[in-house]
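Here's the structure we're looking at; comments come further down.
The values are calculated or read from the model by the stated rules, or taken from the named source; none is laboratory data. Just so you know, these numbers come straight off a predicted model, no measurement behind them. Positions of Cβ are backbone-derived with ideal geometry, glycine not excepted, and every protein chain shown enters the neighbour counts. Heavy atoms of the whole protein, side chains included, go into the accessibility calculation; ligands, DNA and RNA do not. Shrake-Rupley method; radii C 1.70, N 1.55, O 1.52, S 1.80 Å.
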Amino acid sequence: MTHRQILFVIFGLMAGMFLSSLDQTIVGTSMRTIADDLDGLSLQAWVTTAYLITSTIATPIYGKLSDIFGRRPLFLIAIGIFLVGSVAAGFADSMYQLAAFRALQGLGAGGLMALPLAIMGDILAPRERAKYQGYFLAVFGISSVIGPLVGGLFSGTPEILFVTGWRWVFLINLPIGVIALAIVLRFLHIPHTRHSVRIDWWGAASVVLALVPLLLVAEQGREWGWDSAGAITCYVIGALGIVAFIVAERLMGDDALIPLKLFKHPTFSMVTVLGVLIGFGMFGAMMTIPLYLQLVNGATPTESGFLMLPMILGLMIASIASGQIIARTGRYGIFPKIGTALLAVGYLWLTFLTAEKPVIWIMTGMFIIGLGLGQLMQTLTIASQNSVGPRDIGVATSSSTFFRQIGGTLGVAVLFSVLFTRVADTISAAFSRTDTLTTALDAALDPSVANDPANAGVMDTVWSKVVDPIVANLPAGVDLSDATVRSGIVDQAVPTVQDALASGSADTSQLGNSLNGDTSFLTGADHRLTAPFLDGFNDATVTVYWVGLVVVLIAFVLSFFLKTQPLRAKSALQENAENEAAIAAQLAAAEAGALVAPNADTSDITLPDAEASAAPKR
């Protein structure tokens, strides 16, 4: 294909990828507003996990079907499904409904994520592919800037055209999707040779049976108990699903959803393992940081979007630089090592977070994480594509994306489970600290603070339960506006409140769960009143970053076992065309009765004298 033709195809791919990437950046920074409106912050993992589960399962199915029926029709179907899910999500009335409709969106998103990479593998040689990554990075960068701004605008507006503002976070996909459909129909035209193969429905069914129970228990384990009957049932069903999937794939051979022959290549096998671990670390950072910025740093959805820019900047710088080096040298082995090392440094940096740290601290950690991710995303995809034959580009790409999505889905489910399991304990611990509790009680008993409208939410939700019993036992006429008088009351009350927290009394037992539902009571409130919540949430989030650090360090060690090979100089279309031409020539030679195969080296063949004299002179 000419450079002009390639650009037209990439233009169509960019339209679909813009739809997917914009949706992720809009939703990420709007989730707290959505969860507050639907009263379910602790359920937000369901919304994210449902989307990732279906997109993960759909990814290899799209790859296999596109190998059979062509990339273009499957890409169009993916956009259509995504739009239907977007409209449905825009009218959800509960977090569970939103999770179900996001799952429908995920069925389309699986194609939007996997098929562009497969099409790139078709039309570009691995070594040339890195040159065009800048176009996709531009789409990602633009959506990363616009998405949080648009999401913040929508979620911060009570109503737009008689519809609640945050619902436009999903409804905006409709006009964008119609434009994307038009562009894809107009520009995305690539040749396809249909292959008659079996569709691996058993593999698709068994992968659902394997993944859903395990992801379900990863999300709900903290509620059920990790050794409860429901959790054990999920373990057993998931294990049986994995066994069934392996058996189904072995029986299907080359027609399998994920052919087991791919794992015979050491490069593909190691890239798959690294993809799972890096997906875990990537989604763990990208989903928890916006929530941290809004809860602990008090950023609005729009502001949190701007504050995420260091990660995007680091990702783009590293991706462009590594892409140019790969294109010029044809080698990529160093980037997984440097990338995982930078990821580990970024996570280590974030483990030193405290609620009092300036926002520049977390921005620095995000930039380092972005530098690491930028060297890993395209490198691992190129490595997996380069390790297989041209006819397996689609399934190899989708398989690589599939396992990275599994890592991301596990990352979201596990890390949010760790976060909300820990946050109850860490908030209770923060309330129990004498210095924090003393400062907070002093503010809560101060009439000027307690009666401030900005503090009404946190007073009604939390502090009235703590201070009302204290005030009820005070003599009549006590002047709580006097700091000296208030200080003596606080000194006497602190041990009593600490004992109540330790015993789990009715008035204080729910303090640790205060952030599970609507967290809007923290917005704009006096910092002294919100400090226990912010400190507790910070400590729980740091635990999440420690888990992410361990996972990324494992990836760093394994990156040294990644065997690399020079990248091919021809695209899959070129290699397929040459292979088909060679086969056709072989068949023609066989039918004509030629004694020598086409393209054979005949320089060393000695003709008999009679034939030599009759042969034409060269």
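Filtered by the rule that a residue be β-branched (V, I, T) and either open to solvent by less than 20 Å² (accessible area, probe 1.4 Å) or modelled with pLDDT under 80 (or both), the range 437-458 gives V449, V458.
All conditions in (1) more than 18 Å from K64 (Cβ to Cβ); (2) touching a residue at least 40 places away in the same chain (Cβ under 8 Å) hold for V217, with the sole exception of (2).
Evaluated against (1) open to solvent by less than 50 Å² (accessible area, probe 1.4 Å); (2) assigned to a loop (DSSP other than H, G, I, E, B); (3) more than 27 Å from V27 (Cα to Cα), A355 falls short on exactly one condition, (3). Name the single residue, out of those in the range 232-263 being in contact with a Pro (Cβ under 6 Å, 6 or more places away or on another chain) and not in a helix (DSSP H, G or I), that is surrounded by the most Cβ atoms within 10 Å (Cβ to Cβ). Looking at the filtered set, the residue picked out is L257.
Yes/no matrix, rows are residues, columns are (1) open to solvent by 10 Å² or more (accessible area, probe 1.4 Å); (2) in a helix (DSSP H, G or I); (3) acidic (D, E); (4) modelled with pLDDT of 80 or more:
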{"site": "G323", "(1), (2), (3), (4)": "no, yes, no, no"}
{"site": "A341", "(1), (2), (3), (4)": "yes, yes, no, yes"}
{"site": "L348", "(1), (2), (3), (4)": "yes, yes, no, yes"}
{"site": "T364", "(1), (2), (3), (4)": "yes, yes, no, yes"}
{"site": "F367", "(1), (2), (3), (4)": "yes, yes, no, yes"}
{"site": "L415", "(1), (2), (3), (4)": "no, yes, no, yes"}
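Every residue, every condition in (1) under 17 Å from D535 (Cα atoms); (2) assigned to a loop (DSSP other than H, G, I, E, B); (3) at pLDDT below 70, yes or no:
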{"site": "V485", "(1), (2), (3)": "no, no, no"}
{"site": "G488", "(1), (2), (3)": "no, no, no"}
{"site": "Q492", "(1), (2), (3)": "no, no, no"}
{"site": "V497", "(1), (2), (3)": "no, no, no"}
{"site": "A506", "(1), (2), (3)": "no, yes, yes"}
{"site": "G512", "(1), (2), (3)": "yes, no, yes"}
{"site": "N516", "(1), (2), (3)": "yes, yes, yes"}
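L209 meets all of the listed conditions (1) over 23 Å from P73 (Cβ atoms); (2) within 24 Å of the chain's Cα centre (by Cα); (3) crowded, with 20+ Cβ neighbours inside 10 Å; (4) not aromatic (F, W, Y) but one, namely (3).
Right, S481: open to solvent by 10 Å² or more (accessible area, probe 1.4 Å), farther than 30 Å from K563 by Cα, in a loop (DSSP other than H, G, I, E, B) and not charged (D, E, K, R) or not? Here the answer is yes, as S481 does meet what is asked. In this structure, D39 qualifies as more than 19 Å from the chain's Cα centre (by Cα) and among the acidic types (D, E).
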